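Input: a single structure, listed below in structure tokens.
The values are calculated or read from the model by the stated rules, or taken from the named source; none is laboratory data. Just so we're clear, the structure is a prediction, and the values are computed from it rather than from any experiment. Heads up, the Cβs are rebuilt from the backbone with ideal geometry, glycines too, and the neighbour counts pull from every protein chain shown.
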Amino acid sequence: MDSSDGWIASSTQLIQFLDHVGGAPGIAALLKPETIQVMTTPAPAYPQGNARYARGWMVGDNGAGSWWHSGSLPGSTALMIRNPDGSCSAALCNTRTQPHQEMDNDLYKLLLELAQNVSR
């Protein structure tokens, strides 16, 4: 579990990771577009049948084509999102609520709302 309740990256480093995986202005993508397509397409054989799970990434429930990954343990919550326009956001929190899905969902909605209100 790596560092368990600690982080192995800052929110800035998570954004840099997303920029390098998918590409960004002035940053070449590490992965081919075909690989990103596979990586962000829901896996049909996922055991729990979660239609939003795509090989390590969650996709699709906001209709915008975003992909994201989140994680939490007691005392820690993290989320990173890559939007179709290439913008990315990340958040690290030193708390987790019970049930933790409520905080995960609220944090996800907050990051999407912030991204929608950024002037480009």
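Taking the range 74-99 only, how many residues are assigned to a loop (DSSP other than H, G, I, E, B) and either more than 22 Å from Ile36 (Cα to Cα) or touching a residue at least 40 places away in the same chain (Cβ under 8 Å) (or both)? Qualifying residue count for the region: 9. From the list Glu102, Glu34, the one residue that fits, being modelled with pLDDT under 85, assigned to a helix (DSSP H, G or I), over 16 Å from the mean Cα position of the chain (by Cα) and of a type in the set (D, E, K, R), is Glu102.
Working only within the range 70-95, note down all residues that are over 10 Å from the mean Cα position of the chain (by Cα) and buried (at least 19 other Cβ atoms within 10 Å of the Cβ).
Taking the range 70-95 first, the residues over 10 Å from the mean Cα position of the chain (by Cα) are 72-77, 84-87, 92-95.
Once the filter is applied, which keeps residues that are over 10 Å from the mean Cα position of the chain (by Cα) and buried (at least 19 other Cβ atoms within 10 Å of the Cβ), the range 70-95 yields Ser72, Thr77.
Entry remark, the range 9-31: residues being in a helix (DSSP H, G or I) and either of a type outside the set (Val, Ile, Thr) or surrounded by 15 or more Cβ atoms within 10 Å (Cβ to Cβ) (or both) number 11 in total.
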